[in-house]
Amino acid sequence: MEKITIAIDGYSSTGKSTIAKQLAKALNYIYVDTGAMYRAVTLYAMRNGFVSENACDVEALIASLHDIELRFVYNDAVGFAEMYLNDENVEREIRTMEVSKLVSKVATIEDVRQKLVAIQQKMGLEKGIVMDGRDIGTVVFPNAELKIFMTASPEKRATRRYKELLDKGEDVKYSEVLKNVEHRDYVDSHREISPLRKAGNAIVFDNSDMGLEDQFSRILDFANRVINKQKKDVH
């Protein structure tokens, strides 16, 4: 079977990771959540006092990048690979509201992006990969055979994120989550290094009023069409 590279970009809380996981499982591809990588670096920066709501010691974080080791370890119990930071499973810690508030600050640092993009590109050398993030189709895999750009209204996305956090037992307000979603949209779209933007040949996928099952079947159909075309082109 001809394997392809699938790049899924888009705004925060559009369900990129959920769809990407399902897609990778259905195609027997490797799934990589790049957002988890940036969140793990943010968690490291928080623990070491390099970043807070009011400040970010960029030089100190850059000087410590060689001390940060990131890897994904597959967990049979949950059915996907979890994020490990220096041999510690941090999957739960990186999904908190505290990390969400600060991740955009860390993700704008050029040296951080260079380190993580290099890791991501190495992961995708053999193809057969589904990767989601903000700059996968534009920077990490500009030659990906399938590019999806996911979007939804800020209110819909905030509602989804709010329910997610409540289910995890976090004490949050909807207004706080909506404010965070809108702030991240602005920062992600306006940063100088690898801003969030739709790749020229990406399929725009608005899931504001779409259930998960419908989303998955449509995107799987996109993937199968590209894979089948690759097969014909090769043979």
I'm trying to understand the selection: among the residues of segment 203-228, which are within 16 Å of residue 7 (Cβ to Cβ) and part of a strand (DSSP E or B)?
203, 204, 205
Restricting attention to segment 32-58, which residues are in contact with a helix residue (DSSP H, G or I) (Cβ under 7 Å, 6 or more places away or on another chain), open to solvent by 30 Å² or more (accessible area, probe 1.4 Å) and at pLDDT below 95?
53
Kindly evaluate residue 21 against the criterion of being open to solvent by 30 Å² or more (accessible area, probe 1.4 Å) and not hydroxyl-bearing (Ser, Thr, Tyr).
yes
Among residues of segment 212-235 being under 11 Å from residue 19 (Cα atoms) and touching a helix residue (DSSP H, G or I) at 6+ places or on another chain (Cβ under 7 Å), the residue surrounded by the most Cβ atoms within 10 Å (Cβ to Cβ) is 219
Determine which single condition residue 111 fails, assuming it passes every other condition in (1) under 16 Å from the mean Cα position of the chain (by Cα); (2) open to solvent by 20 Å² or more (accessible area, probe 1.4 Å).
(1)
What residue, of 139, 204, 172, 187, is surrounded by fewer than 21 Cβ atoms within 10 Å (Cβ to Cβ), over 27 Å from residue 102 (Cβ atoms) and touching a residue at least 24 places away in the same chain (Cβ under 8 Å)?
204
Any chance residue 124 is surrounded by 14 or more Cβ atoms within 10 Å (Cβ to Cβ) and either out of contact with any Lys or Arg (no Cβ under 8 Å at 6 or more places or on another chain) or of a type in the set (D, E, K, R) (or both):
yes
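The values are calculated or read from the model by the stated rules, or taken from the named source; none is laboratory data. Predicted model only: the values in this text are computed from it and were never measured. Using ideal geometry, Cβ is built from the backbone for each residue, glycine included, and neighbour counts are taken over all protein chains shown. Just the protein is used for accessible areas: all its heavy atoms, side chains included, with ligands, DNA and RNA removed. Shrake-Rupley method; radii C 1.70, N 1.55, O 1.52, S 1.80 Å.
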